[in-house]
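The values are calculated or read from the model by the stated rules, or taken from the named source; none is laboratory data. Here the structure is a predicted model, which is why all the values come from computation and not from measurement. As a convention, Cβ positions derive from the backbone with ideal geometry for all residues, glycine included, and neighbour counts pool all protein chains shown.
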C-alpha cells in the first residue's frame, strides 16, 4: 500500500468494505438483511464499531427504534435477556442521535 492509499481509519475502512461486500453478495432484500445483521451482532456480543456501521446503514433504510426493539424482542429468548437489555439501551441512544423520537422522549 502506498502512502496515498493509507487512511486515518484503516480498520473502520476495512469493516465498511467487508460490510458493503456482504450486502452486495446477499440475496436478501435490504430490510431483511439489516434485521438479520443486527440479530447476528447481538448474538456475538459485537463491539460498538460494528453497530455503528450496521445501524447507520439500517437508519439510512428508514429503520428506527421500533424495528430495533422488534429484533431484540425476537432474539431475547435465544441469546439471553442480559445481552439484549444492553443492546436495547444502545439502540435507543442511537435513535436519539439520529433525530428519531423514542418512547422515553414521549413519556412512555
In region 54-66, residues that are in contact with a helix residue (DSSP H, G or I) (Cβ under 7 Å, 6 or more places away or on another chain) and surrounded by fewer than 19 Cβ atoms within 10 Å (Cβ to Cβ) total 3
Matching residues in region 55-86 (under 25 Å from residue 12 (Cβ atoms) and either modelled with pLDDT under 80 or in contact with a strand residue (DSSP E or B) (Cβ under 6 Å, 6 or more places away or on another chain) (or both)) number 5
Scanning region 47-74 residue by residue, those without any contact (Cβ under 8 Å) to a residue 12 or more places away in the chain and not in a helix (DSSP H, G or I) turn out to be 47, 62
Taking residue 49 as the residue in question, decide whether it is touching a helix residue (DSSP H, G or I) at 6+ places or on another chain (Cβ under 7 Å) and either surrounded by fewer than 12 Cβ atoms within 10 Å (Cβ to Cβ) or at pLDDT below 85 (or both). yes
Matching residues in region 11-32 (without any contact (Cβ under 8 Å) to a residue 24 or more places away in the chain, surrounded by 12 or more Cβ atoms within 10 Å (Cβ to Cβ) and either in contact with a helix residue (DSSP H, G or I) (Cβ under 6 Å, 6 or more places away or on another chain) or over 23 Å from residue 78 (Cβ atoms) (or both)) number 3
